[in-house]
2 protein chains.
Amino acid sequence: MTDKTGQAAGPRAYEAVLASIEAELRAGTLRIGDRLPGERTLSETHGISRASVRDAIRILDVMGLVRTAVGSGPNSGAVLISNPAAGLSSTLRLHVASRHLPVDDIVQARILLETWAATAATERAIDEPSLARARELLSLMDDPGLDREAFHDLDAQFHVLLSTLAGNAVVSAMMESLRLSIMGYVRDSVTTDEQWSPVVQTLRAQHHGILDALSARDGTLAAQLLREHIEWFFAETGH
Amino acid sequence: MTDKTGQAAGPRAYEAVLASIEAELRAGTLRIGDRLPGERTLSETHGISRASVRDAIRILDVMGLVRTAVGSGPNSGAVLISNPAAGLSSTLRLHVASRHLPVDDIVQARILLETWAATAATERAIDEPSLARARELLSLMDDPGLDREAFHDLDAQFHVLLSTLAGNAVVSAMMESLRLSIMGYVRDSVTTDEQWSPVVQTLRAQHHGILDALSARDGTLAAQLLREHIEWFFAETGH
DNA sequence: CGCCTAGTATGGTCAGACCACACTGTCGAG
DNA sequence: CTCGACAGTGTGGTCTGACCATACTAGGCG
């Protein structure tokens, strides 16, 4: 009727599998950690080819909902996991590449989410173990002998940990996915250790300041430092 | 040689296509609106089977980056589009179904994004055509004869439009995806028109209040009304 | 000139095969 | 009896080749 452009989008075979799995997830008969039936089994129960089943599994894979492994035994096959950030970030990254999601908007959104998380975290009960873990991460990052790869990894853990303190899984996932989606751009812009070395010094100091503010339950200050931290970093490496 | 958990994750064949397309997107040799080469062509140029190429195209499809159509001619094949919200929302929806992203967190995140957008919008130049369009949408929603489906559609357009006023594509996309990801839950909780009718009355009034505040450039008031609007709606239908 | 039909290129689906891998149970050596 | 080697089995990953429905294209026919 309305589709002059042929936007019909007929029912795809793999959608049956996706819908079935989503329904089982909602019903609770399928839970994180469970193994999905084998591809050959699913193809038979749904009356579609194995290729179509594989489409569905593959989609769940990139969404960060399953992890697949070959072989036999309990760890093989498609296992339900929960990694929303991975799925969201890959989608975001491609859209950023298409120039329809500006990097500046990503950074701005990330600032929004992280500063909110910092403020919200101070309005909740302090999670001491998490704070201790954060301090431990900063200590590890203070090691001068750390290579860039390891620093990035610890830095990611630090920021994710802070977001987690706010207790909102969606905000954490989105914040992490925003971070991952533009990580490639950061890598490309800073290529030499000579450029990198002074940056690390500043990052360390900023991290400590943010954590101190959070420990003192000063959400406003933590948010402000966080904003300056992120803005400074992208001003430094961004262009 | 390999680790015991088997988390090896060997290089997948389809990733070559994905990487190639992402690179072309970044380089600018591939743009929104362009057609991708045919699957048979891609399978030959990358030296992989058509099945693996299809995996990559399928992934781009669910990400909201391409639209595929059968047939021949300019409108057929895989065409690059930009629909980040579609890709993000499908991922979010599945993760919500898995119980690892609470609906409450989704709502909270949406409030955060929308209230920020409202505030940010008043700090920018007013986009009169958009405001006019928003008023038009509200007028259409005032029609008592409107069915629920149409109301939902207009409501979605209204909220997306407001987010757009802030000028941040990422925030808009995320806000819309959050909205889409939990639309199914709203539908399930409100089944009869008897329940729905009074709700619509309140929604209309709230919408007008929000738009009035925005028109008056009162970002704080708009944000507050928006928060109450969303919170009220999910308190009403949520449980 | 205009309508209709055969042709062609496209994605959608299927069937069947082979591979590498990882666990599992068995069997044999000690 | 213990324990290591090994064949067996089930898993996803990939490929090949085929057929279908569709939608545009070009040519033939009236």
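The values are calculated or read from the model by the stated rules, or taken from the named source; none is laboratory data. Note that the coordinates shown come from a computational prediction; the quantities given were computed from them, not determined experimentally. So basically every Cβ, Gly included, is an ideal-geometry build from the backbone, and we count neighbours across all protein chains shown.
Before moving on, here are some points about what is shown:
- Any hit, the range B:77-89, residues being within 21 Å of residue A:87 (Cα to Cα) and without any contact (Cβ under 8 Å) to a residue 24 or more places away in the chain: yes
- Condition check for residue B:28: facing chain A (nearest Cβ under 8 Å) and touching a helix residue (DSSP H, G or I) at 6+ places or on another chain (Cβ under 6 Å): no
- Among (1) more than 29 Å from residue A:99 (Cβ to Cβ); (2) among the hydrophobic types (A, V, I, L, M, F, W, C); (3) modelled with pLDDT of 95 or more - the single one residue B:173 does not satisfy: (1)
- Qualifying residue in the range B:192-204 (condition: within 20 Å of the chain's Cα centre (by Cα) and surrounded by 14 or more Cβ atoms within 10 Å (Cβ to Cβ)): no
- Test: residue in the range A:201-213 that is among the acidic types (Asp, Glu), in the same structural domain as residue A:233 (by TED's automatic domain parsing) and not in a helix (DSSP H, G or I): no
- Residue within the range B:146-164 that is within 14 Å of chain A (Cβ to nearest Cβ), over 26 Å from residue B:193 (Cβ atoms) and touching a residue at least 60 places away in the same chain (Cβ under 8 Å) present: no
- Every pair of residues 6+ apart whose Cβ atoms lie under 6 Å, when the first sits in the range A:1-26 and is within 14 Å of residue B:98 (Cβ to Cβ) while the second is within 11 Å of DNA strand C (Cβ to nearest atom) and at pLDDT 95 or above: A:18/A:56
- Look at the range B:27-51: where a residue is touching a residue at least 24 places away in the same chain (Cβ under 8 Å) and among the hydroxyl-bearing types (Ser, Thr, Tyr) and a partner is within 15 Å of DNA strand C (Cβ to nearest atom) and not in a loop (DSSP other than H, G, I, E, B), sitting 6+ places away or on another chain with Cβ atoms under 7 Å, you get B:49/B:43.
- Restricting A:30, A:94, A:36 to residues that are more than 16 Å from DNA strand C (Cβ to nearest atom), under 19 Å from residue B:62 (Cα atoms) and modelled with pLDDT of 95 or more narrows the list to A:94.
- Qualifying residue in the range B:165-174 (condition: away from chain A (no Cβ under 14 Å), of a type in the set (A, V, I, L, M, F, W, C) and in a helix (DSSP H, G or I)): no
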